[in-house]
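One structure is given here, and the rest of the page talks about it.
Any read-out appearing in this document is the output of simple, stated calculations on the displayed coordinates, not a laboratory observation. Note that the structure is predicted; figures quoted are calculated from it, not measured. Backbone-built Cβ (ideal geometry, glycine too); neighbour counts: all protein chains shown.
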Amino acid sequence: MTNQRKTIYDVIIGSPEHLSAEEIYLRAKKRYPSLAMGTVYRNLKLMEDAGEILHIRTPDGADRYDKTTSKHDHMECIQCGQFVDLPTHDLLGLIREQTGMEIQSYQINAKGICSECMNKN
């Protein structure tokens with residue numbers, strides 16, 4: 001693993017948040033000043049392909065990256081942009097029970113308002 005890739009990986013692993021490529025770049029650049037944005041994108045793709053990180057595609061915002069690689073879903077606050085894991089414990093079992101179909105793949109990115117934003121209103 002190159003020093004640049006290790007720096008990028010450490011930023012992802014060390015963050016409790018689901019970071020965008022730009023956020024990863026800005027944090028990693030503080031540790032590795034000569035780092036280029038293209039290097040971040042290349043390494044994110046390599047880490048995704050190797051199963052080291054999870055790439056979360058978002059249709060109307062910046063894609064995010066997650067250190068938790070096991071299958072899980074996400075929710076985004078439409079007011080502040082906070083991105084969190086969504087507990088969907090037995091969703092696949094419920095869908096199988098309701099439809100009789102076995103799901104091969106899926107990705108849920110729900111949108112809502114987080115408790116902090118609800119409390120502000």
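When the chain is treated as a Gaussian network with alpha carbon springs shorter than 10 Å, the biggest mean-square fluctuation among His89, His55, His72 belongs to His89.
Computed over the chain with a Gaussian network model linking Cα atoms closer than 10 Å, the most mobile of Asp73, Asp60, Asp49 is Asp60.
Spin-label model, Gln79/Ile108: points 7 Å from Cα along the beta carbon direction are separated by 2.3 nm.
The ranking of Leu19, Leu86 by Cβ neighbour count inside 10 Å, starting from the fewest, reads Leu86, Leu19. GNM on the chain, alpha-carbon springs under 10 angstrom: the most fluctuating residue among Thr99, Thr39, Thr68 is Thr99. Seen against the Cα atoms of the chain and their longest principal axis, helix 21-31 is set at about 40 degrees. Per the Kirkwood formula on distinct C-alpha pairs, the Rh of the chain is how many angstrom? Roughly 16.0 Å, rounded to one decimal. Can you give me the relative contact order of the chain as a percent, contacts being Cα pairs under 8 Å and 6 or more apart? Reported as a whole number, the value is 21 percent. Between the range 18-58 and the range 79-121, how far is it from one alpha carbon centroid to the other, in angstrom? Centre-to-centre distance over Cα atoms comes out at 25 Å.
The angle separating the long axis of helix 37-49 from the principal Cα axis of greatest extent in the chain is about 50 degrees. Using only side-chain charges placed at the Cβ, +1 for Lys and Arg and -1 for Asp and Glu, the dipole size of the range 36-121 relative to its Cα centre rounds to 220 debye.
Helix 3-13 and the longest principal axis of the C-alpha atoms of the chain enclose an angle of approximately 30°. A helix-only calculation puts the chain at -12000 deg cm²/dmol for mean residue ellipticity at 222 nm, using -39500 (n - 2.57) for each DSSP H run of at least four residues, averaged over all residues.
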